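Everything on this sheet refers to the single structure shown next.
The values are calculated or read from the model by the stated rules, or taken from the named source; none is laboratory data. This one's a predicted model, so the numbers in the text were calculated from it and none came from an experiment. As a convention, Cβ positions derive from the backbone with ideal geometry for all residues, glycine included, and neighbour counts pool all protein chains shown. Protein only, heavy atoms only, side chains kept; ligands, DNA and RNA dropped before computing areas. Shrake-Rupley method; radii C 1.70, N 1.55, O 1.52, S 1.80 Å.
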Amino acid sequence: MDRRKLIAELNAYAARFPGEATKALRFREFVECHPDCFERHCLPGHVTASAWIVDRRGIRVLLTHHRKLGRWLQPGGHSDGEPDSLAVALREAREETGLELVARSARPMDIDIHEIPPRGKEPAHRHYDLRFALTARSDAYRVSEESHDLAWVGLDVLETFTGEDSILRMRSKWLAGR
């Protein structure tokens, strides 16, 4: 799988967000060391992509109450061999919400490396997640089997749904126009 585009994206991300350069370097080193980084079987982790879905006015974000993790998060999922992370974010967001979505940029607005707890035969591992800003063309979502619920949440009340640092960081970036 061609990892060059992702490595270039991570280098550009580090330049745009110098305060996150160490995280971008850890992400890049993982990608460089694991030719199968886009596959679920790659352990200790794998590349995932997710979506910061905003409404047409840009004042609400769509969160999913994740069935497996039991928390309010942004929609997203596994690359399953696809090296185009924006395409993965769009695919996963459409599958999980039923919404017609438009990418705000081909560049990730955020990256995150987070632990996934063990579940059944699956050991604990890390998700190396690229997050992309998407706009929904309508408000009419549908809840998929991957979620308990979905909710449009005003950016001003986001903390009532989640205290996840990475989600609050995405809000800050969104509001700053980055």
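If only residues of region 137-162 that are under 17 Å from Arg56 (Cβ atoms) and in contact with a Ser or Thr (Cβ under 7 Å, 6 or more places away or on another chain) are counted, the one that is least open to solvent (accessible area, probe 1.4 Å) is Leu150. Determine if region 133-155 includes at least one residue that is of a type in the set (A, V, I, L, M, F, W, C), under 23 Å from His41 (Cβ atoms) and more than 14 Å from the chain's Cα centre (by Cα). There is no residue in region 133-155 that is of a type in the set (A, V, I, L, M, F, W, C), under 23 Å from His41 (Cβ atoms) and more than 14 Å from the chain's Cα centre (by Cα). Can you say whether Arg107 is closer than 17 Å to Met170 by Cα and open to solvent by 30 Å² or more (accessible area, probe 1.4 Å), as far as the supplied structure shows? Yes: the conditions hold for Arg107. The residues in region 1-45 that are within 16 Å of the chain's Cα centre (by Cα) and within 30 Å of Arg137 (Cα to Cα) can be counted, and the count is 5.
Pairs meeting the criteria (first residue in region 12-40 and under 14 Å from Leu130 (Cα atoms), second residue aromatic (Phe, Trp, Tyr), beta carbons under 8 Å, at least 6 apart or on different chains) are Glu20/Tyr13; Ala24/Tyr13; Ala24/Phe17; Phe27/Tyr128; Phe30/Tyr128; Val31/Tyr128; Cys37/Phe30; Cys37/Tyr128.
Once region 163-176 is narrowed to residues that are in contact with a helix residue (DSSP H, G or I) (Cβ under 8 Å, 6 or more places away or on another chain) and touching a residue at least 40 places away in the same chain (Cβ under 8 Å), the residue that is surrounded by the most Cβ atoms within 10 Å (Cβ to Cβ) is Ile167. Under the condition of being over 19 Å from Ile167 (Cβ atoms) and not in a strand (DSSP E or B), the residues counted in region 71-87 number 8. Among the residues of region 45-88, those identified as open to solvent by 60 Å² or more (accessible area, probe 1.4 Å) and modelled with pLDDT under 95 are Arg67, Lys68, Arg71.
Looking across region 1-22 at every residue that is touching a Pro at 6+ places or on another chain (Cβ under 8 Å) and more than 15 Å from Arg107 (Cα to Cα), the one that is most open to solvent (accessible area, probe 1.4 Å) is identified as Met1. Of the residues Leu101, Leu130, Leu134, the single one that is in contact (Cβ under 8 Å) with a residue 40 or more places away in the chain, open to solvent by less than 30 Å² (accessible area, probe 1.4 Å) and farther than 16 Å from Ile167 by Cβ is Leu101. Taking the conditions exactly as written (open to solvent by 60 Å² or more (accessible area, probe 1.4 Å), in contact with a helix residue (DSSP H, G or I) (Cβ under 8 Å, 6 or more places away or on another chain) and closer than 26 Å to Pro117 by Cβ), does Leu25 satisfy them or not? Yes, satisfied.
Checked against (1) closer than 26 Å to Ser144 by Cβ; (2) modelled with pLDDT of 95 or more; (3) basic (Lys, Arg), Lys23 passes all but a single condition, namely (1).
Screening Glu39, Glu32 for residues that are in a helix (DSSP H, G or I) and surrounded by fewer than 21 Cβ atoms within 10 Å (Cβ to Cβ) leaves exactly one candidate, Glu32.
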